[in-house]
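Report on the following structure.
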Amino acid sequence: MTKLSELAKTIRSKNAGVDKITFDIIFTDRAVYEKVLASRAITAAKISSLYGIAQERIADFVEYDPACAIKFTIYRTSPSGSAGDSDIFGAQQYAPLLDIDVPV
Amino acid sequence: MSLIRIICPNGHLGFAPLKTDSFLRGVEASPDFIAADSGSDDIGPVPLGSDTSTSPEAWQRQDLEAMLLASRRIGVPMIIGSAGDTGTNSRVDRYVAIIKEVAAKHGLAPFKLGYFYSEVSKDRVRRAIGSSEPVLGLDGREPLSEKELDATDRIVAMAGVHPFRKLLEEGCDVIIGGRSSDCAIFAAAALHRGAREADAYYLGKVLECASFCAEPYGAKETVLGAIDDAGVTVTAMHPDQRCTIASVAGHAMYERSNPYDEFVAGGRLDMRDCHYTQIDPRTTRVTGQRFEPAKRVRVKLEGSGKVGERYVGIASVRDPYTIAHIDAVIAWAKAQVVERFGASGYELHFNVFGKNGVMGDMEPVKTPAHELCIVVQGVAPTAEMAEELCMTATRQLFYARLPEVKGTAGGVAFVLDEVLKASPAYRWTVNHTLAVDDPLELFPTHTETVGTEG
């Protein structure tokens, strides 16, 4: 098992408009990217379980080959910057991804 | 031979200052345009709702001055979109004033200044709500209702290329835009020079965040984008940055739901079949992009509405027993608020840092830290009520009644025994699209001559 943070170059989150937060996991080595895809360690179902959210909250889940990246987007429960929102930019929601165990 | 070359020195002008060295390198590369976006909806609904900027005017002025002086020196147009973070009319007016002041300060020779507004009246939107073409919701939202419109204080429309092209056709040397699609600022210039739509919009897409399309990571550095017969190229201007296949392809997915589609007023850029080639160490070429014109032009609207006045309180906890029962502590504080103010007519929020303050219900770590910081927000119709509401909630954390707590002299620590006035609370009420017959309808343009003769 290897932590995702040791395999990916970039793991980030950010607003995609005011109603969604998008997550990017970017690899520099295409072979590593393909191994991670093949491992099925990162799927919409796994994300849903990790973040404790219903799968319907995942708006997009894309394996984006040109950038060796896995990208998914979730709906916020209320728009960005509403009172009580703890992350107006959506920039710190990726942390749980770092420790995903990938069987490679 | 390039059809057009554009430099972009900053991905959100004003939010942080541009970096001078790579900007000057970009200027020396003899671009045909100097352009930058100056807005974002990332900053939350407060600036749009309250018609303010989140960026300091000094930083806005600094970058506008650098761009204006460079563009006048080499005699190429300068284009700014989404003036002053939000692109409201007052922000456009502020940027126009800054341009005039900088021109006067430096005694610049006369040039033609063009600008356009983006604010949309609620009456205009209300007419559409009742029409055969409703105001459709984005990102899963329902069509806009009269109730949500009533709750809205200010609306801006997101311009496509149309007002920029009109002002370029009128010969403007400097253009200040209201709220605009980031990529339209650059695409308009490319279309003005006769580029294909697909290349023009891709050029805009890749340039909009300046050096975010380069590596290693380093914001606010200048990049140069160009279009030639073979497609789009993008080059980092900072000597230590490179535009690589990975960085450019990676940028295509930045801040967007999926990496394939970019929607603008008037069509959709399709990046599914983009092909990336490294043509020199700092430059990547992109081909294969397509553009599909819209059958009906729908313009995106952003609207923000005031929820109430807001105060913030801060309290911290170190006692492990209290930490283990923090939900009960907060329930006590809420109950005291209800006792005094009733159960509705206000908002009360508790972000508990050290537990799940950053991620809320999505936090997978269930074990709290050894200390907690609670940020309390009280939102109410008047400042007086918001202050008392927030003070009640914050101070009652101190008096929370836990049955077995050892520390009976006070349940929380305060860094300040007061509550702080914050910006009023707003929310994004409008994230919708409005159909228009004329893509210029919502974006009235103006021109004037600025500068001093000889």
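The values are calculated or read from the model by the stated rules, or taken from the named source; none is laboratory data. In this text the structure is predicted, and so the values were computed from the model without any measurement. In this analysis, Cβ positions are derived from the backbone assuming ideal geometry, glycine residues included, and neighbour counts consider all displayed protein chains. Only protein heavy atoms, including side chains, enter the accessible area calculation; ligands, DNA and RNA are left aside. Shrake-Rupley method; radii C 1.70, N 1.55, O 1.52, S 1.80 Å.
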### Task
Being under 25 Å from the mean Cα position of the chain (by Cα) and not in a helix (DSSP H, G or I) narrows it down to one of B:Asp63, B:Asp37, B:Asp93, so name that one.
B:Asp37
### Among residues of segment B:258-269, those that are within 14 Å of another protein chain (Cβ to nearest Cβ) and open to solvent by 20 Å² or more (accessible area, probe 1.4 Å), counted
5
### Task
Could you identify the single residue in B:Gly114, B:Gly87 that is open to solvent by less than 10 Å² (accessible area, probe 1.4 Å), modelled with pLDDT of 95 or more and within 14 Å of B:Asp173 (Cα to Cα)?
B:Gly114
### Selection count, segment B:204-213, where residues are surrounded by 24 or more Cβ atoms within 10 Å (Cβ to Cβ) and touching a residue at least 60 places away in the same chain (Cβ under 8 Å)
6
### Task
Collect the residues in segment B:342-368 that are more than 10 Å from chain A (Cβ to nearest Cβ) and touching a helix residue (DSSP H, G or I) at 6+ places or on another chain (Cβ under 6 Å), keeping them in residue-number order.
B:Tyr346, B:Pro368
### Subset of segment B:416-454 (residues that are in contact with a Phe, Trp or Tyr (Cβ under 6 Å, 6 or more places away or on another chain) and of a type in the set (Ser, Thr, Tyr))
B:Thr445
### Task
Can you tell me which residue within segment B:40-51, out of those that are assigned to a loop (DSSP other than H, G, I, E, B) and within 14 Å of another protein chain (Cβ to nearest Cβ), is farthest from B:Val307 (Cα to Cα)?
B:Ser40
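Residue-wise test of (1) in a strand (DSSP E or B); (2) in contact with an Asp or Glu (Cβ under 8 Å, 6 or more places away or on another chain); (3) away from chain A (no Cβ under 14 Å); (4) buried (at least 23 other Cβ atoms within 10 Å of the Cβ).
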{"site": "B:Arg127", "(1), (2), (3), (4)": "no, no, yes, no"}
{"site": "B:Arg141", "(1), (2), (3), (4)": "no, yes, no, no"}
{"site": "B:Val156", "(1), (2), (3), (4)": "yes, yes, no, yes"}
{"site": "B:Arg165", "(1), (2), (3), (4)": "no, no, yes, no"}
{"site": "B:Ile176", "(1), (2), (3), (4)": "yes, no, yes, yes"}
{"site": "B:Cys183", "(1), (2), (3), (4)": "no, yes, yes, yes"}
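Using the structure shown, decide if B:Ala315 is among the aliphatic types (A, V, I, L, M), surrounded by 20 or more Cβ atoms within 10 Å (Cβ to Cβ) and not assigned by TED's automatic domain parsing to the domain that holds B:Gly26.
Taking the combined requirement at face value, the residue satisfies it.
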### Query
In segment B:7-34, how many residues are within 16 Å of the chain's Cα centre (by Cα) and either of a type outside the set (Gly, Ala, Ser) or open to solvent by 10 Å² or more (accessible area, probe 1.4 Å) (or both)?
7
### Task
Could you name every one of the strands (runs of 3 or more DSSP E) located completely within segment B:222-310 that has at least 1 residues being among the polar types (S, T, N, Q)?
B:231-236, B:275-280, B:283-287
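Here are some residues: A:Gly90, A:Gly84. Which one is more than 7 Å from chain B (Cβ to nearest Cβ), on the phi > 0 side of the Ramachandran plot and open to solvent by less than 50 Å² (accessible area, probe 1.4 Å)?
Only one candidate passes the filter, namely A:Gly90.
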### Task
Could you tell me whether segment B:385-397 includes any residue that is touching a Ser or Thr at 6+ places or on another chain (Cβ under 6 Å) and either among the aliphatic types (A, V, I, L, M) or open to solvent by less than 30 Å² (accessible area, probe 1.4 Å) (or both)?
no
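For residues that are of a type in the set (Phe, Trp, Tyr) and either open to solvent by 30 Å² or more (accessible area, probe 1.4 Å) or assigned to a helix (DSSP H, G or I) (or both), scanning just segment A:1-58, find the one that is farthest from the other protein chains (Cβ to nearest Cβ).
Applying the filter and picking the extreme gives A:Tyr33.
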### Query
Among the residues of segment B:287-295, is any surrounded by 20 or more Cβ atoms within 10 Å (Cβ to Cβ) and at pLDDT 95 or above?
yes
### Meets criteria (among the polar types (S, T, N, Q), surrounded by fewer than 21 Cβ atoms within 10 Å (Cβ to Cβ) and at pLDDT 95 or above) for B:Ser145
yes
### Task
Return yes when B:Arg401 is within 26 Å of B:Val46 (Cα to Cα) and open to solvent by 50 Å² or more (accessible area, probe 1.4 Å) and no when it is not.
no
### Message
For segment B:112-125, which positions are more than 20 Å from the chain's Cα centre (by Cα) and not in a helix (DSSP H, G or I)?
### Response
B:Lys112, B:Leu113, B:Gly114, B:Ser121
